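Peer 1: Provided herewith is a single structure, encoded as structure tokens, for subsequent inquiry.
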Amino acid sequence: MNETASLRARAEIDLAALRANVRVLRARAAGAQLMAVVKADAYGHGAVPCARAAREAGAAWLGTATPQEALALRAAGLDGPMLCWLWTPGGPWREAIEADIDVSVSGMWALREVIGAAGASGRTARIHLKADTGLGRAGCQPADWPELIAAARAAERAGTVRVTGLWSHFACADEPGHPSITAQLDTFRDMVAYAEKAGVEPEVRHIANSPATLTVPESHFDLVRTGIAMYGISPSPELGTSADFGLRPVMTLTASVALVKQVPAGHGISYGHHYTTPRETTLALVPLGYADGIPRHASGRGPVLVGGVRRTIAGRVAMDQFVVDLDGDEAEAGSEAVLFGPGDRGEPSAEDWAEAAGTIAYEIVTRIGARVERVHRGATTD
């Protein structure tokens, strides 16, 4: 990535921390392989460099949502096992098959399309059959599972597909003790047993996401899929902090202060004047806004480190900028504002921003926009 990122703002990505996180997660799921989930541009961290770093740390699989994401990784030279799971009718099945990408199948329409694409390519498609064990999104319902298994086995006998995986996804693994966790595990075991009795011989069975990898060892099976935890963010405050799990946040978001000025008491700040200066003070203008992924819902609450002191956004977040009241402290244009990071300098975390915005840390890092340049540190070629 560009090592001379704009002085306006940068998201620095610590690839050494990412590799360390992968090793920690592999140790938590000893005996199972690890899939590094790099969908959504690696949760905003940069898919290609993060995928490479994860591979270097021992991730056996890569996972993406869309086939376009998976094909882009192949085009960048990423090899090895890879799964993509978010398909719609008419998707690039043939391209994925020819790129040796495993594809997810949740129902008969998808199986029919992948069989047709396999026939057109002259290659056997590698498919993972997804079971809806209770999440209610993608996946085959238990009542429809026998039909899908029978059709997949017929396609295997015809040589058009190979069922390489059986999988599902948790609804509430980030809520310790939630009864759905055990219920989904029981349903998954039953659906896997049915498939295997029908002759399916999967390479991997997988249901564990990041929270289950950390706290539900009986869910690890042959493979765990780690997304947010790989980037050093706890899947849920209820489970523990990143530090509790030995994980280090990978992204640090900073901006260069664009303007510092003195204003009198009673001065309105930003749209709507939801903040008025209580006394004569110093304001700093930070050139990041909701167009860059800074949540407008964090107006008046978002934490920022300026001059070594944690401050709070004054007034509304605008499209391109927001204001911080420095309480009379000195600063100058070009001073660094740290929105979030690992906390080494006392800066806020992505979790702090999530709390301020009433959302989850997944959204905070993933929504950081393309105007913010990514600077990747700690690559093995550095």
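Peer 1: Among the candidates ALA65, ALA40, ALA59, which residue alone is closer than 24 Å to ARG205 by Cβ, of a type outside the set (Ser, Thr, Tyr), open to solvent by 10 Å² or more (accessible area, probe 1.4 Å) and under 18 Å from the mean Cα position of the chain (by Cα)?
Peer 2: ALA65
Peer 1: Taking interchain pairs and intrachain pairs at least six residues apart, which have beta carbon atoms under 6 angstrom, with the first residue in the stretch 217-239 and among the aromatic types (Phe, Trp, Tyr) and the second part of a loop (DSSP other than H, G, I, E, B)?
Peer 2: Short answer, once both residue conditions are applied: TYR231/HIS45; TYR231/VAL250.
Peer 1: When you scan the stretch 197-225, how many residues do you find that are touching a strand residue (DSSP E or B) at 6+ places or on another chain (Cβ under 8 Å) and of a type outside the set (A, V, I, L, M)?
Peer 2: Qualifying residue count, the stretch 197-225: 13.
Peer 1: Here is a further query. May I ask you to verify whether ILE313 is more than 23 Å from GLY232 (Cα to Cα), open to solvent by less than 10 Å² (accessible area, probe 1.4 Å) and among the β-branched types (Val, Ile, Thr)?
Peer 2: It is true that ILE313 is more than 23 Å from GLY232 (Cα to Cα), open to solvent by less than 10 Å² (accessible area, probe 1.4 Å) and among the β-branched types (Val, Ile, Thr).
Peer 1: Ok, one more. Before we move on, is ILE294 of a type outside the set (Gly, Ala, Ser) and part of a helix (DSSP H, G or I)?
Peer 2: Criteria not met by ILE294.
Peer 1: Being at pLDDT 95 or above and touching a Pro at 6+ places or on another chain (Cβ under 7 Å) narrows it down to one of LEU253, LEU247, LEU305, LEU283, so name that one.
Peer 2: Going through LEU253, LEU247, LEU305, LEU283 in turn, just one is at pLDDT 95 or above and touching a Pro at 6+ places or on another chain (Cβ under 7 Å): LEU305.
Peer 1: Looking only at residues that are part of a loop (DSSP other than H, G, I, E, B) and among the polar types (S, T, N, Q) in the stretch 114-146, which one is farthest from HIS206 (Cα to Cα)?
Peer 2: In this case the residue turns out to be THR124.
Peer 1: A follow-up question, please. Assess whether THR312 counts as being assigned to a loop (DSSP other than H, G, I, E, B), modelled with pLDDT of 95 or more and of a type in the set (S, T, N, Q).
Peer 2: no
Peer 1: Hey, another quick one. Would you check which residues across the stretch 101-113 are buried (at least 17 other Cβ atoms within 10 Å of the Cβ) and either in a helix (DSSP H, G or I) or aliphatic (A, V, I, L, M) (or both) and list them?
Peer 2: Those that are buried (at least 17 other Cβ atoms within 10 Å of the Cβ) and either in a helix (DSSP H, G or I) or aliphatic (A, V, I, L, M) (or both): ILE101, VAL103, VAL105, ALA110, LEU111, GLU113.
Table: residues versus (1) open to solvent by 60 Å² or more (accessible area, probe 1.4 Å); (2) of a type in the set (Val, Ile, Thr); (3) within 27 Å of the chain's Cα centre (by Cα).
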| residue | (1), (2), (3) |
| --- | --- |
| GLU175 | yes, no, yes |
| ASP190 | yes, no, no |
| ARG205 | yes, no, yes |
| VAL216 | no, yes, yes |
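Peer 1: Okay, moving on. Just the residues that are in contact with a Phe, Trp or Tyr (Cβ under 7 Å, 6 or more places away or on another chain) and not in a strand (DSSP E or B), please, taken from the stretch 250-269.
Peer 2: Hit for the stretch 250-269 is VAL250, nothing else.
Here's the yes/no breakdown for (1) more than 23 Å from CYS84 (Cα to Cα); (2) not aromatic (Phe, Trp, Tyr):
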position	(1), (2)
SER210	no, yes
VAL216	yes, yes
GLU238	yes, yes
ALA265	yes, yes
TYR275	yes, no
ARG279	yes, yes
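Peer 1: Here are the criteria: (1) more than 30 Å from ASP186 (Cα to Cα); (2) free of Cβ contacts under 8 Å to residues at least 24 places away in the same chain. Tell me which single one GLY80 does not satisfy.
Peer 2: Looking at each condition in turn, GLY80 falls short on (2).
Peer 1: Looking only at the stretch 68-100, count how many residues are in contact with a Gly (Cβ under 8 Å, 6 or more places away or on another chain), closer than 16 Å to ALA47 by Cβ and open to solvent by less than 40 Å² (accessible area, probe 1.4 Å).
Peer 2: Number satisfying all stated conditions: 3.
The values are calculated or read from the model by the stated rules, or taken from the named source; none is laboratory data. Bear in mind that the values here come from a model prediction, so they are computed numbers and not experimental data. Backbone-built Cβ (ideal geometry, glycine too); neighbour counts: all protein chains shown. Side chains included, ligands, DNA and RNA excluded: accessible areas come from the protein's heavy atoms. Shrake-Rupley method; radii C 1.70, N 1.55, O 1.52, S 1.80 Å.
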